Amino acid sequence: MLLTTLWVALGLGLMGWFVVQTDQRQIETAADARLGSLLDAVVAAAAFDPSAGPILTRPLADPAFERPLSGHYWQITGPGGSQATSRSLWDSRLLPPLREPEGVRARDVEGPRSERLRLLERDVQLESRFGLVPITVQVAVVREGTDEEIASLRQNVILAFALLGTGLVAVVALLVLWGLRPLRRTQEELAEVREGRRQHMDVVAPAEIAPLVAEIEALIEQNRATVDRARNHVGNLAHALKTPIAVLRNALETGDLPGARAQSATLERLVQHHLRRARAGALAGSAGAECMPLALAEALATALRRLTAARGITIRVSGEADARIRADSQDVTEMLGNLMENACKYGQRQVAVRVTHSAPGRITIEVADDGPGLPEGEDGAALMRGVRLDEAKPGSGLGLAIVSDLAALYAGHLSLERSTRLGGLSARLDLPGRLASESYRGPD
């Protein structure tokens with residue numbers, strides 16, 4: 001508002017000054033034109049008498065020249081300083097003429113009563129029996145009327161522009177107050193949400209700030225979802241620990257040390273699993289760092305090749321090196337590690353990992369093996385926590401469930417199907433991401 005007021009004051013001030021100066025020049029030009037007509041009348045009536053000097057051959061039409069000190073004066077100056085003056089000058093005289101180039105000369109001078117006069121003068125050559133006689137004709141009129149007209153104009157312009165500026169500032173103030181009203185309402189509702197008096201923001205915002213309100217609402221929902229996830233994680237952890245703790249207590253009471261060690265390992269896996277889910281849940285939806293899945297898969301493949309060297313399993317990693325996933329690198333490593341370890345566990349000779357840009361804003365990681373795959377209709381059960389479809393293989397049944405949970409937290413999903421290339425299981429992990437040459441637009 002202050003900047004608007006300053007801008008309006010500066011703009012209207014400059015415009016007012018320009019208008020006043022333009023009109024003042026026009027008023028003065030019109031006054032000089034009228035004074036020029038009087039000068040022409042005096043020149044037309046002027047004559048030179050060798051014995052009397054300059055004279056008027058006939059009276060002027062304006063009677064003000066005959067009234068003493070009326071403010072209308074004329075004066076003719078001839079050779080040798082001889083002069084003829086109007087009756088209105090009485091015993092006073094106008095200033096001596098200027099010796100400048102030919103033409104009409106205009107200036108402001110002081111009059112007989114110390115008033116301001118506008119004076120026009122011109123050099124004229126009069127014919128006489130002795131030849132051409134040079135004279136100077138001067139006509140002066142008091143400036144009071146012209147000055148009053150200019151002052152009235154200046155006052156009216158200042159008043160008009162002041163009213164216009166005040167109106168403009170008032171209208172802008174009303175528009176700003178009206179336009180910012182949704183922001184004030186948003187602030188009030190946000191305070192009510194913070195104080196717990198409402199759950200959502202219901203303000204209807206104009207198109208200019210609607211994205212801001214939507215982002216605030218999304219942030220509120222994200223924080224609420226984070227708190228709910230944390231609460232659920234605590235409940236799930238407490239529920240998951242009940243049975244292993246009871247079994248561990250019983251094993252310790254009966255002296256079953258192998259059973260106690262097994263339950264301790266189960267407890268540790270459960271705690272680590274829920275800690276990872278809680279950390280991923282806190283990071284999901286926030287502005288986390290991006291990671292490059294192909295590089296992570298290469299690092300995991302190098303480690304798994306050493307572990308499975310005795311079985312002769314070949315691990316191939318391919319795909320788009322500039323693919324980036326909007327997720328924490330540790331969580332992506334956790335997901336890839338579980339899928340690749342599971343593929344090496346059930347694969348016979350080959351494991352293939354491929355990273356592709358499947359759709360705008362989506363990156364797909366496929367981990368396939370040449371093992372027996374899943375029985376038809378068992379893909380949903382394989383993603384349930386603690387379910388082991390092959391009891392002959394070591395494990396806790398948490399691997400695929402961990403991957404599915406982490407993927408869901410990052411707006412992705414895990415799907416299991418039969419591999420068309422290797423014949424075994426194909427685990428397809430779809431996550432929000434982009435190629436390095438693209439700008440990220442967020443998850444679909």
Residue 401: passes all of (1) open to solvent by less than 20 Å² (accessible area, probe 1.4 Å); (2) at pLDDT 85 or above but (2)
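Being small (Gly, Ala, Ser) and open to solvent by 70 Å² or more (accessible area, probe 1.4 Å) is the filter here; which residues of the range 172-215 pass it? Give the steps one after another, and end with the answer.
Initial filter on the range 172-215 (small (Gly, Ala, Ser)): 173, 179, 191, 196, 205, 207, 210, 214.
Listed by number, the list holds a single entry, 207.
Right, residue 48: over 60 Å from the mean Cα position of the chain (by Cα) and either in a strand (DSSP E or B) or without any contact (Cβ under 8 Å) to a residue 12 or more places away in the chain (or both) or not?
Numbers: over 60 Å from the mean Cα position of the chain (by Cα): yes; either in a strand (DSSP E or B) or without any contact (Cβ under 8 Å) to a residue 12 or more places away in the chain (or both): yes.
Yes, satisfied.
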_Given the criteria in contact with a Ser or Thr (Cβ under 7 Å, 6 or more places away or on another chain) and either closer than 30 Å to residue 87 by Cα or outside any helix (DSSP H, G or I) (or both), does residue 136 qualify?_
yes
Checked 132, 126 against criteria (surrounded by 17 or more Cβ atoms within 10 Å (Cβ to Cβ), within 22 Å of residue 46 (Cα to Cα) and of a type outside the set (Val, Ile, Thr)); the one match is 126
Exactly one of 35, 95 is open to solvent by less than 60 Å² (accessible area, probe 1.4 Å), in contact (Cβ under 8 Å) with a residue 24 or more places away in the chain and not in a strand (DSSP E or B), and that residue is 35
Of 244, 206, the only residue that is closer than 29 Å to residue 1 by Cα and at pLDDT below 80 is 206
So residue 64, is it open to solvent by less than 60 Å² (accessible area, probe 1.4 Å), closer than 10 Å to residue 135 by Cα and of a type outside the set (Lys, Arg): no
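The values are calculated or read from the model by the stated rules, or taken from the named source; none is laboratory data. If you're wondering where the values come from, they're calculated on a predicted model, not measured in any experiment. Cβ sites come from the backbone with ideal geometry, for glycine too, and all protein chains shown count toward neighbours. Protein only, heavy atoms only, side chains kept; ligands, DNA and RNA dropped before computing areas. Shrake-Rupley method; radii C 1.70, N 1.55, O 1.52, S 1.80 Å.
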